[in-house]
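Remarks on the structure that follows.
The values are calculated or read from the model by the stated rules, or taken from the named source; none is laboratory data. As the structure is a prediction and not an experimental result, all values here were calculated from the model. All Cβ positions, even for glycine, are placed from backbone atoms using ideal geometry, and neighbour counts span all protein chains on display.
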Amino acid sequence: MLRVSRHSERSDTGRQRQANEDSYLARALLFVVADGMGGAQAGEVASKAAVQAFRDGLPDGNPEEAVEGSIGQANRTIFEQAQADPDLSGMGTTITTASVDSEAEEVVIGHVGDSRAYRLRDGILQRLTRDHSLVEEMRRRGQITEEQVEDHPQRSIITRALGPEPEVQVDVQTVPSKPGDIYLLCSDGLTTMIDDERITGIITGATSLDAATRTLVDEANRAGGRDNITVVLFQVEDPENPLPRDEQPTAIAPPRIRRSRGDGTDREKRRPGAGRIAARLAVVCAVLALAGAAVFVASRQVWFLGTDSAGRVALYRGLPYELPFNVDLYQERYSSPIQTSELSTRQQESVTGHSLRSRDDATSLIEDIESREGL
């Protein structure tokens, strides 16, 4: 049996869009990412409708049929809304879903469009979905190479989405899973900005899933942030052998060390005596206490600018890092009405770079930004 041990989600407007038309859902065994498209706010309406179809979970029955049926129902809802309201005409959305089947130890993936699903196992990132896009079809036909796909000017043209037609073809597959696997669902605002190799390095090097989602979004913004960016990460574990909570998200409990007794049988390696263990723990605790005190003092003295969950310029006190157990070394102290994406490239870099500053310097910088924007 498997269960979701932890999950983390983050969505950002990006640097070049005025609104966030991505939507997502993250629950214990069900995860959804939708990237809307359409004029005005129609894209946001479409992506929210797609996610809404999964609010009550999946119907009973065959897992693949349940996923396919729910996506089909979302498609019909979006199509009917667009037909009924001229302002929503032509709206649509991608959708990528992941449903964990605990008993079967499998994950059911549903997919339409160019959002993606990945599985990270033993440091190897495997893409589980195939983009429904013009350049992907050209690549499969041999008209362009894999390298040309990355920078092709028509890369954003998708060939399949929810909403434009009353019926839609859904890709559904079931993939086996094992403890420690990490799954990534994301909109193309991530994958058009950073490649799979960089994504792998960020996730495997992060101290937590929260740190990984934050870094993925920040890296996509630093690379240009041309679109909305949504990232959903979750990891599965065996309930009878839970993953360690104080190590990197890809870590699995190490095997016990065994050595030969010399008589053909094995025994577990002898553990240190209780007194030695206590002494070592005391030293470790003392070092951690001193380190924690130093970090706390430092975090009270520094400030930095960043982007809040709504994509606005924000002022933070502390260090721009996240520790395991959802411990943040920073606090949001002020949120400006200005969207980071509305700023010039130079100003955006001063916000997303997370440079450490004094309080006066950080306050002066955010006041300068607001002044330049007419506030």
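If we scan segment 174-196, do we find a residue that is surrounded by 24 or more Cβ atoms within 10 Å (Cβ to Cβ), in contact (Cβ under 8 Å) with a residue 40 or more places away in the chain, in the same structural domain as Gln73 (by TED's automatic domain parsing) and among the β-branched types (Val, Ile, Thr)?
There is no residue in segment 174-196 that is surrounded by 24 or more Cβ atoms within 10 Å (Cβ to Cβ), in contact (Cβ under 8 Å) with a residue 40 or more places away in the chain, in the same structural domain as Gln73 (by TED's automatic domain parsing) and among the β-branched types (Val, Ile, Thr).
Within segment 109-166, can you find the residues that are among the small types (Gly, Ala, Ser), assigned to a loop (DSSP other than H, G, I, E, B) and farther than 24 Å from Ser177 by Cβ?
Filtering segment 109-166 for residues among the small types (Gly, Ala, Ser) gives 110, 113, 115, 117, 123, 133, 142, 156, 161, 163.
Filter once more, so that each one left must be assigned to a loop (DSSP other than H, G, I, E, B): 113, 115, 123, 142, 156, 161, 163.
Within segment 109-166, Gly142, Ser156, Ala161, Gly163 meet the criteria.
Could you check how many residues of segment 178-198 are closer than 12 Å to Ile229 by Cβ and of a type in the set (A, V, I, L, M)?
First pass over segment 178-198, keeping only residues closer than 12 Å to Ile229 by Cβ: 186-194.
From what is left, the residues that are of a type in the set (A, V, I, L, M) are 190, 193-194.
Result for segment 178-198: 3.
Okay, residues lined up against (1) at pLDDT 95 or above; (2) part of a helix (DSSP H, G or I):
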position	(1), (2)
Met1	no, no
Ser11	yes, no
Gln16	no, no
Phe31	yes, no
Ala34	yes, no
Ala40	no, no
Ser47	yes, yes
Asp60	no, no
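Do we find that Ser115 is in contact (Cβ under 8 Å) with a residue 24 or more places away in the chain, touching a Cys at 6+ places or on another chain (Cβ under 7 Å) and more than 23 Å from Asp238 (Cα to Cα) in this structure?
So Ser115 fits the description; yes.
Just checking: which of the strands (runs of 3 or more DSSP E) contained wholly in segment 266-375 hold 1 or more residues that are under 21 Å from Gln16 (Cβ atoms) and modelled with pLDDT under 80? Please lay out each step first, then the result.
Working: elements: 266-268, 303-307, 312-323, 327-339.
So the answer is 327-339.
Looking at segment 55-65, which of its residues are out of contact with any helix residue (DSSP H, G or I) (no Cβ under 6 Å at 6 or more places or on another chain) and surrounded by 15 or more Cβ atoms within 10 Å (Cβ to Cβ)?
Our first condition is that a residue be out of contact with any helix residue (DSSP H, G or I) (no Cβ under 6 Å at 6 or more places or on another chain); within segment 55-65, this holds for 55-57, 60-65.
Across segment 55-65, the qualifying residues are Pro63, Glu64.
Which condition breaks for Thr145 when tested against (1) within 20 Å of Gly38 (Cβ to Cβ); (2) hydroxyl-bearing (Ser, Thr, Tyr); (3) without any contact (Cβ under 8 Å) to a residue 24 or more places away in the chain?
(1)
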